[in-house]
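A.B. asks: Structure incoming, see below.
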Amino acid sequence: MLIMAESFNFLTIKDASTYFDVSRSKITYLLDYHDEINRYDSNGNIIQKSTNGNLRVSLKELKHYFEQQKIEYNEQLNLLGVTNLELDFSNLSDQQRTKHVHGLHPYMGKFIPQLVEYYLVKYFNKDNLILDPFAGSGTTLIEANIKGMNSFGVDIAEFNTILMKAKTDYYNLELMEFEVLHILHKVSQFSYNNFNDKSTKTGFLSQSNFSKRYDKLLGRTLNLDNFFIGDDKNSDLDNSLKKDNISIKEHLKSLKVLYESDPPEIEIQNNLDYDFDEDENIYNINRIEESKTEYLSNWLAPRTNYELNYYTSLIPNYNYQNLLKVIVSYAARSSRLVAHYDLTRPKYPLDVNEEYTCRKHKNRRCRPIDNAIKWIRNHSISKKGAISRIRDFSELRTNNTINIQNNDSTKIDYAKHIELDYNKGGSDFDGIITSPPYLGIIDYHLQHNYAYDLFNLPNRHSEEIGSESNGKSQNSKNDYIRLIAEVFSNVKPFLKENADVFIVANDRDNLYHTIFEIAGYELVKEDIRGVYKRASHGGATSSYAENIFHVKPIE
């Protein structure tokens, strides 16, 4: 029921989100990170903590906050010289920007799905073939698929291709959920047995729960026509249910054996110098365990490494391995020894027991996280976890083709791939929607360093275009121009005549007009779009300008 908020001084979070047309998490975010937004009880008294159902927020404080945000943002848009307000999506909540699988794993530098959707709807048609030569986390591919289009994505970073495949794979939803819960159960059991953490002893897959799910899945394998969820019996779905040429029935039997096995016991006493603090319910660890790599040893607590390494060791037992790799990678990111408000770009790790003043938690004294299991659980089964996100996308996913290649866009042989996968005729690309790396802003491999070390992936950081490590010198700019031009020159023979190409770039150095001249493209239109940069846990918000180039290949 919509309330008349003006008649109330204080609102529940639910009513505040309805009144201001924002998500509940946005209101909670303001309570956590903005000092001017206070917590109140139902009587209007400022409180630090609230009992269940007693929390209120001030209508006056929230009105002032949102009015100031609008004024400041409009002033910034004017300063940035924005030319197309249709492309301003600043009113969207984080939940809308990271809907379904777009929020499966954090990724710096991705553009929002609504921007891609805008160009797909305006310029392309069903069954068109759309290319993204800098596919990143797969935003273009996912949105094209939802619109009934085929897509092709290329990225040089192997973790990016794992992430894209996890987002876009065909899933039997019951089997997917069973596997995510199964491995979570095993790692929870491992953590409980070795660290005596009672919070990890849960009933994710109790014997009765396991037997019920197992028997249901096993029974359905006898009639595979009824085994699929929401599909048209596409051959790709058949392939998604094969693991190492073993039948699903045999696969489930192997998982039953794994479920019934005991997790290994680790000799913590021999590897760690620690004592257990009963009051704080944590281990006071004084020496970091040797791990797979120097990075993991330095940035993760010993217990965290044990739990992540055990999870990773189990992944080969499962069918949906890309999804499990993304879950454990996200848990590794969340569990690093950094301040709670500093997950995006931490500069150095903290000591395990180091206290700091936490901007995320209103200047409370906090310590970094010393385990991974709680984040593994969160990223698996919470309302925003993997199971929920995969299920949400499965309701939108079409049977159109998504082709993902871990390759160098300056050199990839498109003929080899598009003739193989799109052999119905007219297989050239109908257009491109992409966002190349911004010069000197992000190191795309290093932002996922933990994943490359966990899975021992080949690291091609030195081959990245425009990486932050290479800076913004004139030599770097020249290299950037040359390499971006090579990417668009390489694909040009495979573009349909008069194809529409959209490039989202932060062209502060005015490099792209030279790139288009070298690569053989003509500029149709250039828009300036304002980007509202959200604060990172209490930091200042800001905005910047993005260039969106609409170009076409010159014959």
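A.B. asks: Name every residue in the range 119-159 that is out of contact with any Phe, Trp or Tyr (no Cβ under 7 Å at 6 or more places or on another chain) and part of a helix (DSSP H, G or I), in order of residue number.
C.D. replies: Within the range 119-159, 120, 121, 122, 123, 140, 141, 142, 143, 144, 145, 146, 158 qualify.
A.B. asks: Would you pick out the residues in the range 40-98 that are hydroxyl-bearing (Ser, Thr, Tyr), modelled with pLDDT of 75 or more and either at positive phi or outside any loop (DSSP other than H, G, I, E, B) (or both)?
C.D. replies: Selection gives 40, 58, 65.
A.B. asks: With outside the structural domain of residue 111 (by TED's automatic domain parsing) and buried (at least 20 other Cβ atoms within 10 Å of the Cβ) as the only criterion, which of 206, 191, 211, 137 stands out?
C.D. replies: 191
A.B. asks: Something else: Restricting the search to the range 400-422, which residues are touching a Phe, Trp or Tyr at 6+ places or on another chain (Cβ under 9 Å) and among the polar types (S, T, N, Q)?
C.D. replies: Residues satisfying the conditions are 401, 403, 405, 409.
A.B. asks: Give the residue, chosen from 37, 27, that is in the same structural domain as residue 9 (by TED's automatic domain parsing), in a loop (DSSP other than H, G, I, E, B), touching a strand residue (DSSP E or B) at 6+ places or on another chain (Cβ under 9 Å) and closer than 30 Å to residue 531 by Cβ.
C.D. replies: Exactly one residue qualifies, and that residue is 37.
A.B. asks: Any residue at all in the range 109-117 that is among the hydrophobic types (A, V, I, L, M, F, W, C), modelled with pLDDT of 85 or more and within 24 Å of residue 18 (Cβ to Cβ)?
C.D. replies: Checked the range 109-117: at least one residue is among the hydrophobic types (A, V, I, L, M, F, W, C), modelled with pLDDT of 85 or more and within 24 Å of residue 18 (Cβ to Cβ).
A.B. asks: Which is assigned to a loop (DSSP other than H, G, I, E, B), among the β-branched types (Val, Ile, Thr), assigned by TED's automatic domain parsing to the domain that holds residue 139 and crowded, with 16+ Cβ neighbours inside 10 Å, of 481, 503, 465?
C.D. replies: That would be 465, the only listed residue that is assigned to a loop (DSSP other than H, G, I, E, B), among the β-branched types (Val, Ile, Thr), assigned by TED's automatic domain parsing to the domain that holds residue 139 and crowded, with 16+ Cβ neighbours inside 10 Å.
A.B. asks: Within the range 349-377, count every residue that is in the same structural domain as residue 311 (by TED's automatic domain parsing) and either over 27 Å from residue 190 (Cβ atoms) or surrounded by fewer than 16 Cβ atoms within 10 Å (Cβ to Cβ) (or both).
C.D. replies: Final tally of qualifying residues: 0.
A.B. asks: I've got another one for you. Among (1) outside any helix (DSSP H, G or I); (2) closer than 27 Å to residue 169 by Cβ, where does residue 333 come up short?
C.D. replies: (1)
A.B. asks: Looking only at the range 523-531, decide whether some residue is out of contact with any Pro (no Cβ under 8 Å at 6 or more places or on another chain), basic (Lys, Arg), in a strand (DSSP E or B) and modelled with pLDDT under 95.
C.D. replies: Yes, some residue in the range 523-531 is out of contact with any Pro (no Cβ under 8 Å at 6 or more places or on another chain), basic (Lys, Arg), in a strand (DSSP E or B) and modelled with pLDDT under 95.
The rows are residues; the columns are (1) under 30 Å from residue 312 (Cβ atoms); (2) touching a strand residue (DSSP E or B) at 6+ places or on another chain (Cβ under 9 Å).
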position: 454; (1), (2): yes, no
position: 490; (1), (2): no, no
position: 494; (1), (2): no, yes
position: 529; (1), (2): no, yes
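A.B. asks: Then there's this: Among the candidates 480, 414, 452, 438, which residue alone is aromatic (Phe, Trp, Tyr), touching a Gly at 6+ places or on another chain (Cβ under 7 Å) and within 26 Å of residue 166 (Cβ to Cβ)?
C.D. replies: 438
A.B. asks: For the range 506-522, check the following and say yes or no: at least one residue is assigned to a strand (DSSP E or B), in the same structural domain as residue 128 (by TED's automatic domain parsing) and either surrounded by fewer than 22 Cβ atoms within 10 Å (Cβ to Cβ) or at pLDDT below 95 (or both).
C.D. replies: Yes, there is a match, as at least one residue in the range 506-522 is assigned to a strand (DSSP E or B), in the same structural domain as residue 128 (by TED's automatic domain parsing) and either surrounded by fewer than 22 Cβ atoms within 10 Å (Cβ to Cβ) or at pLDDT below 95 (or both).
A.B. asks: Further question: Quick one: would you say residue 230 is under 28 Å from the mean Cα position of the chain (by Cα) and modelled with pLDDT under 85?
C.D. replies: yes
A.B. asks: Can you confirm whether residue 407 is in contact (Cβ under 8 Å) with a residue 24 or more places away in the chain and outside the structural domain of residue 437 (by TED's automatic domain parsing)?
C.D. replies: no
A.B. asks: For the structure I just gave you, tell me whether residue 345 is touching a helix residue (DSSP H, G or I) at 6+ places or on another chain (Cβ under 9 Å) and surrounded by fewer than 18 Cβ atoms within 10 Å (Cβ to Cβ).
C.D. replies: Answer is yes for this residue.
A.B. asks: Show the residue pairs meeting these rules: Cβ distance below 9 Å; 6+ apart or different chains; first residue within the range 102-118 and among the aromatic types (Phe, Trp, Tyr); second residue surrounded by fewer than 21 Cβ atoms within 10 Å (Cβ to Cβ) and at pLDDT 90 or above.
C.D. replies: Partner pairs satisfying both residue conditions: 107/447.
A.B. asks: Based on what the data block shows, is residue 356 at pLDDT below 90 and hydroxyl-bearing (Ser, Thr, Tyr)?
C.D. replies: So residue 356 passes the test.
Conditions tested, residue by residue: (1) part of a loop (DSSP other than H, G, I, E, B); (2) closer than 27 Å to residue 202 by Cα.
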position: 344; (1), (2): yes, no
position: 352; (1), (2): yes, yes
position: 374; (1), (2): no, yes
position: 384; (1), (2): yes, yes
position: 390; (1), (2): no, yes
position: 397; (1), (2): yes, no
position: 416; (1), (2): no, no
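A.B. asks: Anything in the range 129-144 that is under 14 Å from the mean Cα position of the chain (by Cα) and without any contact (Cβ under 8 Å) to a residue 60 or more places away in the chain? List them, or say none.
C.D. replies: 137, 139
A.B. asks: Restrict the check to the range 418-431 and report whether at least one residue is hydroxyl-bearing (Ser, Thr, Tyr) and either at pLDDT 95 or above or crowded, with 20+ Cβ neighbours inside 10 Å (or both).
C.D. replies: Looking through the range 418-431, none of the residues is hydroxyl-bearing (Ser, Thr, Tyr) and either at pLDDT 95 or above or crowded, with 20+ Cβ neighbours inside 10 Å (or both).
The values are calculated or read from the model by the stated rules, or taken from the named source; none is laboratory data. Given the structure is predicted, the values throughout are model-derived calculations rather than measurements. Note that we place each Cβ from the backbone using ideal geometry, even for glycine, and neighbour counts take in every protein chain shown.
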